[in-house]
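A.B. asks: Just passing along the structure, written as structure tokens.
No value in this document is a laboratory result; all are computed from the given coordinates. Bear in mind that the values here come from a model prediction, so they are computed numbers and not experimental data. No Cβ is skipped: glycine too gets one built from the backbone with ideal geometry, and neighbour counts run over all protein chains shown.
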Ligand code: GLY
């Protein structure tokens with residue numbers, strides 16, 4: 001048998017600059033090369049972000065003559081139909097392989113615009129411009145793109161790295177408290193699983209952070225991103241280490257789907273963290289005292305396990321069956337050991353948990 005080996009050395013030389021500075025949207029010359037003058041530029045955003053920042057960015061990029069496309073805000077828009085609508089607009093404007101997409105918005109826009117970039121004419125460049133706390137900390141970094149289907153969240157997608165990530169922290173000034181907490185949960189998830197001292201930092205300064213103390217929020221964004229890029233650089237395609245970023249998400253995604261996406265992602269993940277930390281505790285891996293720390297921290301953020309009384313536990317367990325960590329038909333979970341550390345052996349970070357254990361944890365968390 002002849003064996004021919006293909007090598008793609010360029011794959012290993014990928015760089016993605018991440019710029020963090022207030023008012024970057026007002027100064028595109030700081031992040032957009034004039035090489036793009038005369039080429040086609042498409043801003044993809046949602047209708048809310050369009051009003052707050054999209055029209056202004058369009059104005060600031062006047063010399064580049066960009067096309068601005070927007071869609072209805074919210075997770076319910078992250079589907080095939082919206083993707084097709086946006087792609088058709090791009091075809092009608094003769095966008096080609098040289099086209100650069102600017103993904104301006106929160107997680108939904110990041111995922112949608114990134115997935116269009118991954119598949120349009122087999123892949124074009126894009127820049128992530130996150131405008132929410134959640135997307136600054138998590139979804140804009142690392143190249144996960146995708147859409148939801150009736151079967152579940154983010155089930156169709158691609159790993160497609162952005163050319164750069166532009167974080168204008170000034171965008172947080174228009175964010176509601178709920179959306180701020182939504183992002184803080186993802187930061188807490190990163191710190192609980194990877195960085196005990198940052199977790200302690202948030203618990204000790206919670207009031208100032210909730211009041212959006214500029215220095216502290218900046219600090220959290222930088223710490224979370226540093227951890228995330230370290231993880232992604234070791235496991236871009238989510239085969240092992242990157243799975244720890246999925247802590248709280250097996251249950252979280254199922255709850256989002258069950259709520260018909262009325263539950264914000266961060267809040268669903270917070271409930272998922274409570275359940276998955278409870279599974280860790282019931283399995284004798286994580287202490288009850290530490291579980292109670294999470295419980296009281298989330299209560300301060302207005303998140304209580306009793307919310308789970310409103311759900312059908314069997315349906316939630318059923319909704320986990322298409323989780324992307326599934327192996328040999330069995331659902332796997334990330335389990336916490338102690339602050340900053342998850343359970344792992346031999347580069348395996350996801351663990352089978354029987355349905356009856358998940359059911360018990362769902363029940364115990366709901367009985368606060
Ligand atoms: N949001 C989890 C990840 O990027 O892996």
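A.B. asks: Can you bin the range 216-366 into rounded, prolate or oblate? Criterion: square roots of the alpha carbon gyration tensor eigenvalues sorted a ≥ b ≥ c, rounded for a/c under 1.5, prolate for a/b above b/c, oblate for the rest.
C.D. replies: It is rounded, given that a/c, with a ≥ b ≥ c, falls under 1.5.
A.B. asks: Report, in whole Å, the centroid distance computed from the Cα atoms of the range 131-173 and the range 268-284.
C.D. replies: Going from one Cα centre to the other spans 24 Å.
A.B. asks: Another question, if that's okay. Would the range 191-259 count as rounded, prolate or oblate if I go by the C-alpha gyration tensor, calling it rounded below 1.5 in a/c and otherwise prolate when a/b exceeds b/c, oblate otherwise?
C.D. replies: oblate
A.B. asks: Okay, helix-only estimate at 222 nm for the chain: each DSSP H run of n ≥ 4 adds -39500 (n - 2.57), divide by all residues, round to 500 deg cm²/dmol; what do you get?
C.D. replies: -12500 deg cm²/dmol
A.B. asks: Now for a different question. Measuring from the lowest to the highest alpha carbon on each principal axis, how far does the range 166-294 reach, largest first, in angstroms?
C.D. replies: 42, 34, 32 Å, listed from the longest principal axis down.
A.B. asks: So what is log10(I(q)/I(0)) for the range 1-105 at q = 0.13, 0.17, 0.24 1/Å, when the Debye sum runs over its Cα atoms only?
C.D. replies: Debye intensities relative to I(0), on a log10 scale: -0.60, -0.91, -1.36.
A.B. asks: Going highest first, how would you order 110-118, 75-83 by mean Cβ packing within 10 Å?
C.D. replies: Per-residue Cβ counts within 10 Å, averaged per peptide and sorted highest first, yield 110-118, 75-83.
A.B. asks: Please express the shape of the range 172-219 as an equivalent ellipsoid: the semi-axes are the square roots of 5 times the eigenvalues of the C-alpha gyration tensor, given largest first in whole angstrom.
C.D. replies: 18, 12, 8
A.B. asks: For the modelled label position 7 Å from the Cα of residue 37 along Cα-to-Cβ, which residues of the range 62-78 have backbone nitrogen atoms closer than 11 Å?
C.D. replies: Hits in the range 62-78 for residue 37 at 11 Å: 63-64.
A.B. asks: For the peptides 266-273, 179-186, what is the packing order when you average, over each peptide's residues, the other Cβ atoms within 10 Å and list the highest mean first?
C.D. replies: Packing order, densest peptide first, comes out as 266-273, 179-186.
A.B. asks: How much length, in nm to one decimal, is gained on full extension between residue 150 and residue 72, taken as 0.36 nm per residue of separation minus their Cα-Cα distance?
C.D. replies: 26.3 nm
A.B. asks: Run the simple label-point estimate for residue 313 and residue 367 please: 7 Å along Cα→C-beta, distance reported in nm.
C.D. replies: With each label point 7 Å from Cα toward Cβ, the separation is 0.9 nm.
A.B. asks: Between rounded, prolate and oblate, where does the range 48-121 land on the alpha carbon gyration tensor, with a ≥ b ≥ c its root eigenvalues, rounded for a/c under 1.5, else prolate if a/b exceeds b/c?
C.D. replies: Verdict is oblate for the range 48-121.
A.B. asks: Then there's this: Sort all Cα-Cα distances of the range 247-290 into consecutive 5 angstrom bins from zero, then give the percent of pairs in each bin up to the one containing the longest distance.
C.D. replies: Binned Cα distances yield the sequence 6, 28, 25, 17, 12, 8, 3.
A.B. asks: How large is log10 I(q)/I(0) at q = 0.10 Å⁻¹ when the Debye formula is applied to the Cα atoms of the chain, each weighted equally and without solvent?
C.D. replies: -0.62
A.B. asks: I'd like to compare 228-235, 37-44: which one has the highest average count of other Cβ atoms within 10 Å, and what's the full order after that?
C.D. replies: Most protected by this proxy first, the peptides run 37-44, 228-235.
A.B. asks: Okay, moving on. Based on alpha-carbon positions alone, could you give the equivalent ellipsoid semi-axes of the range 61-200 from the gyration tensor, as √(5λ), descending, whole Å?
C.D. replies: Equivalent ellipsoid of the range 61-200: 27, 17, 14 Å, largest first.
A.B. asks: Which whole-number percent is the relative contact order of the chain (Cα, under 8 Å, 6+ apart)?
C.D. replies: About 14 percent, as a whole number.
A.B. asks: With N set to the number of residues, divide the alpha-carbon radius of gyration of the range 325-368 by 2.2 N^0.38 Å and report two decimals.
C.D. replies: Rounded to two decimals, the normalised Rg is 1.32.
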